[in-house]
Amino acid sequence: MAFINNTGQNITEFLIIGFNSVENPKPVGYVILIIYSLILVANSTIICIIAMDKRLHSPMYFFICNLAFVDILNSTSVSPTMIMVLIADEKRISKKLCISQMYVSGLGLSMEAFAISLMAYDRWIAISIPLRYSSILTKNKVITLTAASWMLGAALYGILTGIASDLPYCYTFLKYAFCDYAALVRAACVNPDDYFVVSTIILFFVLFAPFAFILFSYYKIIFSVIKLSSHKNRKKMFSTCFSHLIVASCFFTPQFVAIILTRGALVLTLSQRNTLFIGANLGPSLVNPFVYCLRTKEIRRHLFRIPVLKRVAPSE
């Protein structure tokens, strides 16, 4: 498969036209701005709470902190561009910045899946092998696993970034809401189907492999819980996994729906596609911190020590 076609133009910037069909762009932009602000505040709060309390310096909270950082990265990769396009009507973006945005957005996607997988691994060890939890998930191992996931995500999307950087571009406009691999490939003087083969292979490692690992982890967890004789203990074990299940569902469901709808027989309009991908990007990043704030007693206790929230704190 030949990846390079030398018939392209020397394009230095693109025009994002994915929102051209939006009738009231500024209100939409302000909604995205509010959502983005909530994501930053909520996830930063979780990171600060975990960082400041040494009692929360355990593998589970480290993985929650990692997920919160990923959510900030994920939303920051695309939200400022969409806000500029919708509110300031600034649709131009340089080629280098566009490709950088594609890379950071892809890295955020892969790290969201890897972070949720690491959290599933933590729950698997905590429930299936509780007596060996501390010896298996040591500080060094937790840091190593997290660092390895970041390096893997960076390497996988580095491949796509290298391809996108070398493409010969024929069009200066991008039909999508922000710079992603599909938008850049469709702006190039190449057959996009050839290039989507590579992205599909990488998508397998980024989405389907982590999803399969999470399913395997919950198979082991369910098997361990079934062996418990006490109904109370079973309920407690399932309760510890409920937050993670919500987070995993909120991330993987829209991603798989997007894959099925965009790569299946159904043809989506540009507005429908943009709405789907914006929701898949911002939705989990907004939901995740609130799930852990509301369902994790230790985080909730710290949260309601904030003076503004003391009055609405639930009774213990």
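The values are calculated or read from the model by the stated rules, or taken from the named source; none is laboratory data. Quick caveat, the model's predicted, so the values are computed rather than measured. Heads up, the Cβs are rebuilt from the backbone with ideal geometry, glycines too, and the neighbour counts pull from every protein chain shown. Accessible surface is based on the protein model in full, side chains and every heavy atom, while ligands, DNA and RNA are left aside. Shrake-Rupley method; radii C 1.70, N 1.55, O 1.52, S 1.80 Å.
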| query | Under 5 Å between amide H atoms, partner at least 5 residues away or on a different chain: which partners does Ala188 have, H built in plane at 1.01 Å? | reply | Cys170
| query | Going toward the positive end of the dipole of the chain, with +1 on Lys and Arg Cβ and -1 on Asp and Glu Cβ, which of Cys170, Phe251, Ile201 do you reach last? | reply | Phe251
| note | Honestly the range 76-117 on the Cα gyration tensor test (a ≥ b ≥ c root eigenvalues; a/c under 1.5 rounded, otherwise a/b vs b/c for prolate or oblate) is just oblate
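Counting helices only, and only those DSSP H runs with n ≥ 4, report the 222 nm mean residue ellipticity of the chain as the sum of -39,500 (n - 2.57) divided by its residues, in deg cm²/dmol to the nearest 500. List each step's numbers first, then the result.
Numbers: 12 runs with 229 residues, N = 316.
Theoretical 222 nm ellipticity from helices: -25000 deg cm²/dmol.
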| note | Unpartnered Cys in the chain, judged by a 4.7 Å Cβ-Cβ cut-off, are Cys48, Cys65, Cys241, Cys250, Cys293
| Given Lys54/Lys139; Lys26/Lys91; Lys139/Lys235; Lys26/Lys96; Lys95/Lys175, which pairs have Cα atoms separated by over 23 Å? | Lys139/Lys235; Lys26/Lys96
| query | Normalised by the residues of the chain, what does the relative contact order come to in percent, with Cα pairs under 8 Å and at least six apart? | reply | 28
| said: Can you give me the solvent accessible area of His57 with a 1.4 Å probe, rounded to the nearest 10 Å²? | reply: 110
| For Val185, what accessible area in Å² do you get when you roll a 1.4 Å probe over the heavy atoms of the protein chains, rounding to the nearest 10? | 0
| With a sphere of radius 15 Å drawn around the Cβ of Ser135, what net charge do the other residues whose Cβ falls strictly inside it have (Lys, Arg +1; Asp, Glu -1)? | +2
| field | Area accessible to solvent at Phe205, 1.4 Å probe radius, in Å² | value | 100
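Students sometimes get this wrong: rank Thr76, Thr161 by accessible area, probe 1.4 Å, all chains present, largest first.
Numbers: Thr76 55, Thr161 25 Å².
Greatest to least solvent exposure: Thr76, Thr161.
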| task | Could you order Val291, Val41 by accessible surface area, starting with the largest, using a probe radius of 1.4 Å? | result | Val41, Val291
